[in-house]
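The values are calculated or read from the model by the stated rules, or taken from the named source; none is laboratory data. In this text the structure is predicted, and so the values were computed from the model without any measurement. All Cβ positions, glycine included, derive from the backbone under ideal geometry; neighbour counts span all protein chains shown.
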Amino acid sequence: MGFSRSATLNLSLFILSAALAAQTAMPPDVLKAQINKQMPELSATYRQLHQHPELSHNEEKTSAFLAEELRKAGYEVTERIGKYSDGSRAWGVAGVLKNGAGPTVLIRTDMDALPVTEATGLDYASHARSQNAQKQDVGVMHACGHDIHMTVLLGVARELAANKGNWHGTLVMIGQPSEETIEGAKAMLADNFYERFPKPDYILDEHTTNDYQEGHIALSPGPMLASATSLSVVFHGVGGHGSRPAAGKDPVVMGAEFVLLAQTIVSRQISAQDPAVLTVGTFHAGTKNNIIPDDAVLGLSMRAYSEEVRQKLLDGVMRTANGVAVAYGVAPDRMPEVTVLELTVPTVNDAALTDRMRKVAAAALGASNVEAAKAIMGSEDVGYFSLDGKIPFVIFWLGGSDPEKLEASKKTGVPLPSNHSALFAPVYEPTIRTGVTAMTAMALDLLQK
């Protein structure tokens with residue numbers, strides 16, 4: 001049976017299209033071989049970054065290093081991006097690589113370290129010290145994996161720059177400051193980031209953790225990290241002598257009662273189907289044991305996966321604080337002050353993009369190395385770049401633990417050192433290799449010719 005001319009033409013176009021796709025696709029073994037060639041340099045980069053951490057707002061040398069490496073790879077780089085609420089400049093970095101018409105993909109890394117004195121004993125351990133925001137002398141450590149994240153971003157940036165024949169579109173690689181103080185993303189956006197640089201069609205990010213073994217990644221649709229709201233609650237009392245409590249209004253007792261009552265906001269006012277956390281982390285009052293102070297200041301942290309639940313928590317805190325004050329007869333003009341100090345939005349994976357990236361990662365890493373992720377109550381500020389979900393976004397967990405130690409931890413119930421621990425030490429070489437492989441494959445898929 002013969003084919004019509006139009007059918008023959010359609011078949012020819014299909015074969016040509018398939019041939020072009022085969023030419024532009026990068027087989028997993030080829031990608032892995034290329035990344036393996038990078039590993040000595042990437043390992044050295046990681047160790048250098050780990051040994052020279054910088055605190056939030058102070059990422060001057062870190063951002064300069066990231067900027068220079070992106071320039072070497074062929075990116076057009078802009079530095080000092082970001083404007084904080086106090087008007088000071090941030091150390092944000094953006095590298096742009098244009099490669100014809102096509103989608104725009106933004107890949108982000110954070111850069112700042114934590115005021116933690118490293119206790120790993122590793123030969124590349126940080127011995128850096130600095131002053132924190134309170135002008136205290138503190139040790140400084142990349143205890144949250146941002147050194148891994150920067151190294152992965154550079155590996156991906158080099159792979160994509162070296163393989164421009166396999167993709168079309170625009171890459172925006174960013175180094176974000178002040179993630180640990182959840183200010184950096186907002187600072188970069190406040191500096192007209194999306195007006196100055198190509199607005200992405202997709203955003204990719206990763207975060208290393210000891211919850212998964214090296215060689216594995218994990219991702220799921222929906223919430224991956226919670227919103228975080230930091231509050232100050234000030235109880236105003238009437239101070240006096242400790243021997244005459246009836247002559248005053250004791251804010252310490254009010255604060256203590258509030259701490260207990262506040263726990264019922266989650267257990268009795270939030271649906272059991274909606275995860276939420278309310279923690280009172282600080283309680284400051286008084287100067288001497290026989291003096292009733294005038295005020296008590298409490299510091300709270302609230303976590304939720306939705307704005308609705310976050311608002312319920314906030315409303316509950318206000319009602320509870322006011323209710324305690326009223327019960328103790330506090331004057332209307334001395335009612336508690338509830339102030340939001342910090343706020344970051346939930347980190348939520350786009351469902352369709354997550355499904356697509358899971359398949360890409362399975363092909364690049366092997367299906368058994370791609371797990372379903374567990375959402376956590378920790379927080380990030382990268383979600384701001386998605387503009388309330390208007391830009392499809394995916395973050396994946398990048399496993400960093402030794403498989404044998406992780407298995408032993410599961411059996412004994414003794415957790416491995418977590419992010420923010422002075423003992424946090426990912427198995428860095430396989431972790432970096434996996435991160436670069438997964439992220440490069442994802443970006444290539446999104447930037448297909």
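If only residues of the stretch 288-330 that are among the small types (Gly, Ala, Ser) and buried (at least 20 other Cβ atoms within 10 Å of the Cβ) are counted, the one that is nearest to Ala276 (Cα to Cα) is Ala304. For the stretch 388-406, filtering for residues that are under 17 Å from Thr104 (Cα atoms), touching a residue at least 60 places away in the same chain (Cβ under 8 Å) and not β-branched (Val, Ile, Thr) leaves 2.
There is at least one residue in the stretch 238-253 that is in a helix (DSSP H, G or I), over 29 Å from Ser386 (Cα atoms), out of contact with any Gly (no Cβ under 6 Å at 6 or more places or on another chain) and free of Cβ contacts under 8 Å to residues at least 40 places away in the same chain. Return a yes/no flag: does the stretch 240-262 have any residue that is in the same structural domain as Gly329 (by TED's automatic domain parsing) and under 25 Å from Ala375 (Cβ atoms). So far as the stretch 240-262 goes, yes, one or more of its residues are in the same structural domain as Gly329 (by TED's automatic domain parsing) and under 25 Å from Ala375 (Cβ atoms). Looking for something under 30 Å from Leu423 (Cα atoms) and touching a residue at least 12 places away in the same chain (Cβ under 8 Å) - is there at least one such residue anywhere in the stretch 289-297? There is no residue in the stretch 289-297 that is under 30 Å from Leu423 (Cα atoms) and touching a residue at least 12 places away in the same chain (Cβ under 8 Å). Apart from one condition, Ala364 fits all of (1) farther than 26 Å from Gly169 by Cα; (2) touching a residue at least 60 places away in the same chain (Cβ under 8 Å); (3) hydrophobic (A, V, I, L, M, F, W, C); the exception is (1). Quick check on the stretch 100-120: of everything there that is assigned to a loop (DSSP other than H, G, I, E, B) and acidic (Asp, Glu), which residue is farthest from Tyr194 (Cα to Cα)? That would be Glu118. Only a single criterion out of (1) surrounded by 17 or more Cβ atoms within 10 Å (Cβ to Cβ); (2) more than 21 Å from Asp445 (Cβ to Cβ); (3) over 19 Å from the mean Cα position of the chain (by Cα) is not satisfied by Thr347, namely (3).
Name every residue in the stretch 115-126 that is in contact with a strand residue (DSSP E or B) (Cβ under 6 Å, 6 or more places away or on another chain) and either under 15 Å from Glu59 (Cβ atoms) or of a type outside the set (Asp, Glu) (or both), in order of residue number. First the steps, then the outcome.
Start the filter on the stretch 115-126 by keeping residues that are in contact with a strand residue (DSSP E or B) (Cβ under 6 Å, 6 or more places away or on another chain), which leaves 115-118, 126.
Pro115, Val116, Thr117, Ser126 - these are the residues of the stretch 115-126 that are in contact with a strand residue (DSSP E or B) (Cβ under 6 Å, 6 or more places away or on another chain) and either under 15 Å from Glu59 (Cβ atoms) or of a type outside the set (Asp, Glu) (or both).
Taken across the stretch 349-372, residues that are in contact with a Phe, Trp or Tyr (Cβ under 9 Å, 6 or more places away or on another chain), at pLDDT below 95 and among the charged types (D, E, K, R) do not occur at all. Based on this model, can you work out whether Asp333 counts as exposed (fewer than 13 other Cβ atoms within 10 Å of the Cβ) and acidic (Asp, Glu)? The answer is yes for Asp333.
Just for the stretch 367-383: of the residues that are assigned to a helix (DSSP H, G or I) and of a type outside the set (A, V, I, L, M), which one is surrounded by the most Cβ atoms within 10 Å (Cβ to Cβ)?
Gly383
Quick one: in the stretch 397-432, which of the residues that are touching a helix residue (DSSP H, G or I) at 6+ places or on another chain (Cβ under 6 Å) and farther than 20 Å from Ala373 by Cα is surrounded by the most Cβ atoms within 10 Å (Cβ to Cβ)? Filtering first and then ranking leaves Tyr428.
Restricting attention to the stretch 325-366, the residues that are part of a helix (DSSP H, G or I) and not charged (D, E, K, R) add up to 15.
Per-residue answers, yes or no, for (1) among the hydrophobic types (A, V, I, L, M, F, W, C); (2) closer than 25 Å to Ala44 by Cβ; (3) in contact (Cβ under 8 Å) with a residue 24 or more places away in the chain:
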position	(1), (2), (3)
Ala157	yes, yes, yes
His168	no, no, yes
Leu171	yes, yes, yes
Glu179	no, yes, yes
Leu189	yes, no, yes
Phe193	yes, no, yes
Phe197	yes, no, yes
Tyr202	no, no, yes
Glu206	no, yes, yes
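Of all residues in the stretch 64-100, those satisfying the criterion of being within 20 Å of the chain's Cα centre (by Cα) and closer than 13 Å to Leu153 by Cα are Leu66, Val93, Ala94, Gly95.
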